[in-house]
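Engineer: Let me begin by handing over the structure; questions about it come next.
The values are calculated or read from the model by the stated rules, or taken from the named source; none is laboratory data. As the structure is a prediction and not an experimental result, all values here were calculated from the model. As a convention, Cβ positions derive from the backbone with ideal geometry for all residues, glycine included, and neighbour counts pool all protein chains shown. Areas reflect the complete protein model, heavy atoms only, side chains present, ligands, DNA and RNA absent. Shrake-Rupley method; radii C 1.70, N 1.55, O 1.52, S 1.80 Å.
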Amino acid sequence: MTAPPTAWVFGTGGIGAAVRDRLAGEYRTVTFDRADDPGRAGTHHRVDVRDRVALASAARDAVLRWGPPAVVVLAFGTVSPATVEDAEPDDVDRIVGDNFVGCVNVLHVLHRTPRPGTCVCLVVSSNAARVARPRQPLYAATKAAVASLVRSLAPAWAPEGLRLVGVLPGTVTVSRNEERVRRQYPHAPADPARPGGRLVTPGELADFLAGLVPHAHHLTGQLLTYDGGSTLGAAR
């Protein structure tokens with residue numbers, strides 16, 4: 001029996017866990033996160049994506065055990081209300097490190113990872129990359145940087161067999177933000193202010209990401225907004 005292809009998922013929070021579970025039926029999923037992923041001994045690597053040396057070591061180990069990845073999903077980051085006026089240097093380092101430097105490191109390691117064919121890399125950013133976020137300026141800036149990175153690398157890497165697609169979701173209800181989201185959107189996931197009428201769930205986003213994989217050849221370098229139309233303005 002032929003072994004299933006391998007998928008790497010970076011981040012095991014709400015979105016990452018949903019992606020891991022969604023891909024598990026078709027792929028052998030290998031996860032990477034600085035936290036443990038209970039019950040996944042052997043297919044989980046506890047590593048901080050900000051540490052390029054440790055990340056490269058974890059990637060080499062994953063390739064030796066499971067072969068090179070056919071699909072890679074980056075689903076990690078830090079949401080922060082820090083502003084330019086009040087952010088301490090450590091706050092800035094954390095936000096930039098978690099949201100941008102981590103992506104740079106993963107993509108650096110992925111580019112150096114051997115691949116027998118095409119590898120599809122889906123980078124989850126945020127619709128904050130597209131609009132002004134006066135209450136989250138540092139967070140929005142890092143997400144815009146990630147989106148630009150995807151567009152800049154995609155044409156150079158496509159001939160080498162790497163396809164890069166950016167996905168920009170709106171608010172996604174996960175455990176770490178559930179209390180805040182419930183206060184802001186008391187009828188969540190419903191939100192009548194959005195043209196689509198509702199927030200995105202992790203499962204919906206995971207389904208969308210999985211559905212992109214077969215089409216990534218013609219999507220490389222694209223930034224796909226998946227937010228129920230919230231960046232378009234209020235529903236009429």
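Engineer: Look through region 1-22, keep the residues that are out of contact with any helix residue (DSSP H, G or I) (no Cβ under 6 Å at 6 or more places or on another chain) and more than 16 Å from H45 (Cβ to Cβ), and return whichever of them is most open to solvent (accessible area, probe 1.4 Å).
Structural biologist: Across region 1-22, the extreme among qualifying residues is M1.
Engineer: Within region 90-106, track down each residue that is open to solvent by 30 Å² or more (accessible area, probe 1.4 Å) and among the charged types (D, E, K, R).
Structural biologist: Passing the criteria: D90, D91, D93, R94.
Engineer: Which residue, of A75, A87, A54, A70, is open to solvent by 20 Å² or more (accessible area, probe 1.4 Å), touching a Gly at 6+ places or on another chain (Cβ under 8 Å) and either closer than 18 Å to H111 by Cα or aliphatic (A, V, I, L, M) (or both)? Steps first, please.
Structural biologist: Working: A75 fails: open to solvent by 20 Å² or more (accessible area, probe 1.4 Å); A87 fails: touching a Gly at 6+ places or on another chain (Cβ under 8 Å); A54 fails: touching a Gly at 6+ places or on another chain (Cβ under 8 Å).
None of the other options fit; the residue is A70.
Condition check ((1) part of a loop (DSSP other than H, G, I, E, B); (2) out of contact with any helix residue (DSSP H, G or I) (no Cβ under 7 Å at 6 or more places or on another chain); (3) modelled with pLDDT under 90; (4) of a type in the set (S, T, N, Q)) across all residues:
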| residue | (1), (2), (3), (4) |
| --- | --- |
| P186 | yes, yes, yes, no |
| P192 | yes, yes, yes, no |
| G203 | no, no, no, no |
| L209 | no, no, no, no |
| L212 | no, yes, no, no |
| H217 | no, yes, yes, no |
| G221 | yes, no, no, no |
| T225 | no, no, no, yes |
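Engineer: Just give me the residues in region 28-76 being within 20 Å of V120 (Cβ to Cβ) and among the basic types (K, R), in sequence order.
Structural biologist: Passing the criteria: only R28.
Engineer: Shifting gears a bit: So which residues in region 57-67 are touching a Lys or Arg at 6+ places or on another chain (Cβ under 9 Å) and either of a type in the set (A, V, I, L, M, F, W, C) or open to solvent by 30 Å² or more (accessible area, probe 1.4 Å) (or both), if there are any at all? Reasoning before the result, please.
Structural biologist: Restricting attention to region 57-67, the residues satisfying the condition of being touching a Lys or Arg at 6+ places or on another chain (Cβ under 9 Å) are 58-59, 66-67.
Of everything in region 57-67, those that are touching a Lys or Arg at 6+ places or on another chain (Cβ under 9 Å) and either of a type in the set (A, V, I, L, M, F, W, C) or open to solvent by 30 Å² or more (accessible area, probe 1.4 Å) (or both) turn out to be A58, A59, W66.
Engineer: OK, next. Please go through region 189-218 and give me each residue that is touching a residue at least 24 places away in the same chain (Cβ under 8 Å) and more than 23 Å from E26 (Cα to Cα), ordered by number.
Structural biologist: Within region 189-218, D191, P192, A193, R194, P195, G196, G197, R198, L199, V200 meet the criteria.
Engineer: Also: In region 134-172, how many residues are free of Cβ contacts under 8 Å to residues at least 24 places away in the same chain and not in a helix (DSSP H, G or I)?
Structural biologist: Of the residues in region 134-172, 1 are free of Cβ contacts under 8 Å to residues at least 24 places away in the same chain and not in a helix (DSSP H, G or I).
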